[in-house]
Amino acid sequence: MKKSIITVISLFVSTGLAADNVMMNTSELSWVDEQVEAIKPARVGARNSYLGSMTNPFVFLKKGKKGKTISRSRSYRTPTRTSTRTSSEISAKSSKGKLALEAIINKSALIGGKWYKEGQSVGGYKIERVNDKVVFLKQGKKSIVLSTKSKHKSLKFNNN
């Protein structure tokens, strides 16, 4: 008997607490509904006649006319890999000096500060093939391999 009375009382108390939570949630929701209603009315914008009379905000330069030019003091360079030569290329020299592979991007090689593709010539050598890490050069029967791999322990590049 005592257990059933305690159960009934606890049931009433928990139901009352749940009702309070529901009432609190509905009051919070009503605040949100008020905010939404305040936003709903249509806002007045610019009239079409006013928009038609405005000048174009974009500037188009015509060819042949000189406009303002802005010079920038900074010059941006793309990051490049430093290179070291393999044993087969130590004796390779061009008219400007030694061939130095600086970077390889999308079958193009940066050699001595200039970009070259397969089939082009650099320093008397023809570029036969460009891989992810290696460039193969050929002059007659003589072949040279330029690589981005580094033998220096202080330089750490991921060549995988």
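The values are calculated or read from the model by the stated rules, or taken from the named source; none is laboratory data. This is a predicted model, so every value here is computed, not measured. Cβ coordinates were reconstructed from backbone atoms using ideal geometry, including for glycine residues, and neighbour counts include every protein chain displayed.
Selection of region 116-136 for residues being outside any strand (DSSP E or B), touching a Ser or Thr at 6+ places or on another chain (Cβ under 7 Å) and under 20 Å from residue 149 (Cα atoms) yields only 133. When each of 73, 95 is tested for being at pLDDT below 80 and under 30 Å from residue 133 (Cβ atoms), the lone residue that passes is 95. When restricted to residues that are within 26 Å of the chain's Cα centre (by Cα) and on the phi < 0 side of the Ramachandran plot, region 112-133 contains 8.
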